[in-house]
């Protein structure tokens, strides 16, 4: 399987074999990601980190991934101080930057931006989120977390929170459908997953059921994937509080859960997971954030041709 | 209607292309897709809501220009039953049905206002065409948003 010079744009381009290949490569990167082993796999290579929107986790974990493999990072810095503020198109920015570096990581507020960038770039582009569109490296690290902390085969997973706008859950569902997962969707009616996406996922092999509360799903599932509900989605603050309180995980909620249940969250969280849950063996979200590093190391190694 | 009456409304052309069996009411959209009349030196005649063997239809006649398959196939997005007749010396020398293309570029605009193809980037909109269902679906190559209804309203 050859990933060299391939752009990483959308999970739609990935087969199960490709995903498995990346996750296996990520496992080998873990000791280096933890700092237990040193590597100069990407020595002499430079990664451009172009973030047109703020991000902490994704940007830092890409930078860490590159540095851990002995490579260097070139950061765009503030968009306000760059030529973009002067009205330069993304296509021009990419054609300039690709002359400086060996790979580009891009986050951009417009959907499809990474696709455009990969059309104009001579070097591989990795999509770190394009508007409400795709964020494939988040999905891959979610899958990696499930593989490491639970299991991808015969998985029963519940996704809770904003399933309408949440790009991470859409993308994760598409990927999980390749593994025939049983997916339970938990959301208030205002934030239900769009029917078109549900039908698409079912057509790809997943089984889907929709429920209103976490309590209805918690007993059966291996993984509970929480997401943040954004206040802006609700015109009435009282309605937001009501919904947010209903979709909240506490130590009490977990009494009915399987012993092996793992709770994931792409972070940042607000109050959907009570702090007391952090100390239970179910909490998995900080590990999940760490797993972003070996997964991104694997991707960088693969697209730069340093590993196969 | 007799042949003479038809003749009086839209005359036969000596050389060029006749696009027949266009879905009734879509002829002006067909002109838009083909960039007519700007892309033609000859006369372009349009017949809207004409009587046909299978009900109402539109017809477009483009004089002195033979349209190629690639350009006319774009018409299939809004009028999948259209037929193309190439005319030389008043005779039909070639006749074929339009085929729904699997990919179209620069014909339709993306409905997602936040799509990168709706910004000032140096690109044209592109769509993959899904024909699995009886209803056409266009999926934006850039953002993935699907257009499944009223495609004609989104013509560029």
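Translational diffusion coefficient, Stokes-Einstein: compute it for chain A using the Kirkwood radius over C-alpha pairs as Rh, at 4 °C and 1.567 mPa s, and state it as an integer in µm² s⁻¹.
Roughly 65 µm²/s, to the nearest whole number.
Residue A:17 versus residue A:260, label points 7 Å from Cα toward the beta carbon: distance in nm?
A separation of 2.9 nm, rounded to one decimal place.
How far apart, in nm, are the 7 Å Cα→Cβ label points at residue B:102 and residue A:203?
Using points 7 Å along Cα→Cβ, the separation is 1.7 nm.
Ignoring solvent entirely, what values of log10 I(q)/I(0) come out of the Debye formula for the range B:1-119 at 0.18 Å⁻¹ when each Cα is a single scatterer?
-0.93
Say R0 is 22 Å: what FRET efficiency, to the nearest 0.05, do residue A:40 and residue A:4 get from their beta-carbon distance?
FRET efficiency, residue A:40 to residue A:4: 0.75.
What nm distance separates the two modelled labels at residue A:151 and residue A:190, each placed 7 Å from Cα along Cα→Cβ?
4.0
Express the C-alpha Rg of the range A:137-288 as a ratio against the empirical globular expectation 2.2 N^0.38 Å, rounded to two decimals.
Scaled against compact globular proteins, the figure is 0.96.
Any idea what angle helix A:237-246 forms with the longest principal axis of chain A, computed on alpha-carbon atoms, 0 to 90 degrees, nearest 10?
It works out to around 80 degrees.
Given springs between every Cα pair under 10 Å in a Gaussian network model of chain A, which of A:285, A:174, A:100 has the largest fluctuation?
A:100
Calculate how steeply helix A:16-33 sits against the longest principal axis of the alpha-carbon atoms of chain A, using the helix alpha-carbon long axis, and give the answer as 0 to 90 degrees to the nearest 10.
Rounded to the nearest ten degrees, it is 80.
Could you compute the FRET efficiency for residue B:83 and residue A:165, with r as their C-beta to C-beta distance and R0 at 60 Å, rounded to 0.05?
Efficiency at R0 = 60 Å is approximately 0.85.
Given the Cα atoms of the range B:103-153, and with Rh set as the inverse mean 1/r over their pairs in the Kirkwood sense, what is Rg to Rh to two decimals?
Ratio of gyration radius to Kirkwood radius: 0.95.
If one takes the longest principal axis of the Cα atoms in chain A, at what angle in degrees, from 0 to 90 and to the nearest 10, does the Cα axis of helix A:57-68 lie?
50
Sorted by average packing, counted as other Cβ atoms within 10 angstrom per residue and highest first, what order do A:131-139, A:190-198, B:88-96 take?
For the peptides A:131-139, A:190-198, B:88-96, the packing ranking is A:131-139, A:190-198, B:88-96.
Can you tell me what share of the DSSP beta bridges in the protein assembly as shown is antiparallel? A percent to the nearest 5 is fine.
About 50 percent, rounded to the nearest 5.
Ignoring everything except DSSP H segments at least 4 long, calculate the 222 nm mean residue ellipticity for the protein assembly as shown; use -39,500 (n - 2.57) per segment, divide by total residues, nearest 500.
-8500 deg cm²/dmol
For an R0 of 41 angstrom, estimate the FRET efficiency from the Cβ-Cβ distance between residue A:220 and residue B:131 and round to the nearest 0.05.
Computed FRET efficiency for residue A:220 and residue B:131: 0.55.
The range B:119-152 to the range A:20-61: how many Å between their Cα centroids?
If we compute the Cα centre of each part, the gap is 35 Å.
Quick note: the coordinates plus some simple rules give every number you see, no bench work behind them. None of these values were measured; they are calculated from a predicted model. In this analysis, Cβ positions are derived from the backbone assuming ideal geometry, glycine residues included, and neighbour counts consider all displayed protein chains.
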